[in-house]
Amino acid sequence: METGEKVVTSAQFLIDSQASLTGSLERMEDMTGQEDMASMEHQPETRTEIEAPTMASHDMTYKSHGTLRLIIADENKVKISHAPIPALQWPSMTMDFSVATGVSLHGLKAGQMVDFHLRKIGEFEYEIAKIKAASMEKTP
C-alpha cells in the first residue's frame, strides 16, 4: 500500500462477501449431489446402509479464555475480550455473547480472567455454554 490509496472498510462488504461465499458453497454441494445421483443410475443396486456417527453442532463446544469486560445481567449476556480461537478461525477480539440457560455468572466480575466454552446456536451466533474464573497456575 502507498499513501493516498483507498481501503474498503465497510462491514457491508464483508457481509456481502460471506453471503456470496455461502451461496456458492451451497450450489457446489447441490451439484455434487446431482452428479452422485447420475452415477448411481448406472450402478447395480446394492443396499448397504451404514449410519456414520454424527455430532450435532449444538453439542460441540469451543474452549477459550479471556478477560470478562462486562456482565449485562438484564440481557443475560457478557462481553469478553478473548484469545484467538483457532477451531473457529477467530483472531483475538472483544465480543458480546448470550449466556446459556442454567449457566451461572455468580462470583464473576468485570476485569476478571475467565475460561469459557462456546456453543454454536445459529449460523453466526454462539453462546456461553460454560464459564468460570481462570485457574491461576503456579510456576515453580
Can you give me the ranges of the strands (runs of 3 or more DSSP E) entirely in the range 76-140 with at least 2 residues that are surrounded by 14 or more Cβ atoms within 10 Å (Cβ to Cβ) and in contact with a Gly (Cβ under 6 Å, 6 or more places away or on another chain)? 77-82
Restricted to the range 62-75, and to residues that are aliphatic (A, V, I, L, M) and surrounded by 16 or more Cβ atoms within 10 Å (Cβ to Cβ), which residue is nearest to residue 133 (Cα to Cα)? 68
Output the number of the condition that residue 59 fails; it satisfies all remaining conditions of (1) open to solvent by 80 Å² or more (accessible area, probe 1.4 Å); (2) within 18 Å of the chain's Cα centre (by Cα); (3) at pLDDT 95 or above. (3)
Tell me which of these residue 111 doesn't satisfy, since it passes every other one: (1) at pLDDT 50 or above; (2) under 20 Å from the mean Cα position of the chain (by Cα). (2)
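The values are calculated or read from the model by the stated rules, or taken from the named source; none is laboratory data. Every value quoted in this text rests on a predicted model; they were computed, and no experiment measured them. For neighbour counting, all protein chains shown are included, and Cβ atoms are generated from backbone atoms with ideal geometry for every residue, glycine included. Surface accessibility is based on the protein's heavy atoms, side chains included, excluding ligands, DNA and RNA. Shrake-Rupley method; radii C 1.70, N 1.55, O 1.52, S 1.80 Å.
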